[in-house]
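Working notes, structure below.
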Amino acid sequence: MMGKLNSTLGIVTTAAVLLLILILVGNREIIMDSVEKRRLPTLDSDFVVFYTKACELKDAEACNELGLIYDHGKAGEDVDYERAYTFYGLACNLDNGSGCNNLAYLYDNGLGVDENNWHAFRYYKKACDLGELEGCYNQGAMYYRGEGVTRSRYRAAKIFSNMCEKGIGAACNDLAYMYAHGIHLKKDIFEAISLYSDACQYGDASGCNNLGNMFENGSFGVAKDRVKAERFFIKGCELDDADSCNKLGYLYGKGIGEIKSEEDLKLSMKACEKYNNAVSCYKLGELYYTKNKFVEQDIYESIKFFEKACDMGQSQSCKRLGDIHREQDK
């Protein structure tokens, strides 16, 4: 499974001012020389007013920040991909690499604009040419998949290798995948493990999860190692990888271990509440049911977690709910 690199996302909305907008869609691309004035809604946030003024004055970074706000619904504004597209386009036309990468992502995923892989590849390339490393990685990923450009595993591997050396974790992960499966490159499991480890160290959750799975299952000739698997799943879960969080619940749920540290509590809470891991919910139910040093004893909170786990088919939780009600009926 290919790794994924999310662009950093940030801040927007706009005051009742005339903004120079550069986006005319002829041939579905952004034309730098075509300018129209558009009135934008009044905004309450002072910083947005100043960002808008800066963008009017052709400050590329301010334009990109405004795009980020609409992209992710920051500063109290709703998500508006069409406006994000407008501001990213303006930033990219002003040679902001991050703006080009973000614009390419919208084209790549059909957000605020019709999906167009050719334009996505073009703007990822421009982002890369402007020194945006994420754009370079994404360009490599498109070469790998053959989207918007003729597929070239050779070029993909070359780009992944270069970006991995520069600390882009997703590139290390994808190059490791190619080595592990012998895709274009000679199969080399030791090189794959090394690259997955680099990916994990650089903060790519997929790299951590892939290592965890290898050591859990003993795949690719790797000796099973429960301790190493747990270590990588913990790291993956900390990086918000749902599968890693779930593996921590299911893999270590036989004889189900209790929560013994603040770290266990943190991971179990995330796995239960964010990723609906039934075993983690059960462990939290047990934790709240008894006196302990991590949380205040609370039978109602305990029941809440047991009920959630029971609804997901965790049998021990259903039994514990029965025990609790039985005790109360005495």
Exercise for the section: Name the residue, out of 291, 319, 330, 283, that is within 28 Å of the chain's Cα centre (by Cα) and either modelled with pLDDT of 90 or more or basic (Lys, Arg) (or both). Expected result: 283
Practice task
State which residue is surrounded by the fewest Cβ atoms within 10 Å (Cβ to Cβ) when the search covers only segment 64-91 and only residues that are over 22 Å from residue 119 (Cα atoms) and more than 18 Å from the chain's Cα centre (by Cα).
Solution key: 78
Practice task
Using the structure shown, decide if residue 154 is out of contact with any helix residue (DSSP H, G or I) (no Cβ under 8 Å at 6 or more places or on another chain) and under 21 Å from residue 185 (Cα atoms).
Solution key: yes
Fill in the blank from the handout: Of the residues in segment 135-160, those that are assigned to a helix (DSSP H, G or I), within 18 Å of residue 107 (Cβ to Cβ) and not small (Gly, Ala, Ser) come to 136, 137, 138, 139, 142, 143, 144, 145
Handout entry: Selection count, segment 293-330, where residues are in a loop (DSSP other than H, G, I, E, B), of a type in the set (S, T, N, Q) and in contact (Cβ under 8 Å) with a residue 24 or more places away in the chain
Key = 1
Completion exercise
Screening 215, 190, 232, 160 for residues that are without any contact (Cβ under 8 Å) to a residue 12 or more places away in the chain and either touching a Cys at 6+ places or on another chain (Cβ under 8 Å) or surrounded by fewer than 24 Cβ atoms within 10 Å (Cβ to Cβ) (or both) leaves only 190
Practice task
State whether one or more residues within segment 115-126 are crowded, with 23+ Cβ neighbours inside 10 Å, more than 20 Å from the chain's Cα centre (by Cα) and more than 18 Å from residue 178 (Cβ to Cβ).
Solution key: yes
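Give, as residue ranges, the helices (runs of 4 or more DSSP H) completely inside segment 38-123 that count at least 1 residues that are polar (S, T, N, Q) and at pLDDT 95 or above.
60-72, 81-93, 97-109
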Practice task
State the number of residues belonging to segment 48-71 that are of a type outside the set (A, V, I, L, M, F, W, C) and under 14 Å from residue 98 (Cβ atoms).
Solution key: 6
Practice task
Only helices (runs of 4 or more DSSP H) wholly contained in segment 167-269 count here; list those with 1 or more residues that are under 23 Å from residue 280 (Cα atoms).
Solution key: 205-217, 226-238, 242-251
Problem - From the options 221, 253, residue that is under 19 Å from residue 194 (Cβ atoms), at pLDDT below 90 and surrounded by fewer than 20 Cβ atoms within 10 Å (Cβ to Cβ) - result: 221
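The values are calculated or read from the model by the stated rules, or taken from the named source; none is laboratory data. Note that the structure is a prediction, hence the values are computed from the model and not measured. Counting neighbours? That spans all protein chains shown, and the Cβs are built from the backbone with ideal geometry, glycine included.
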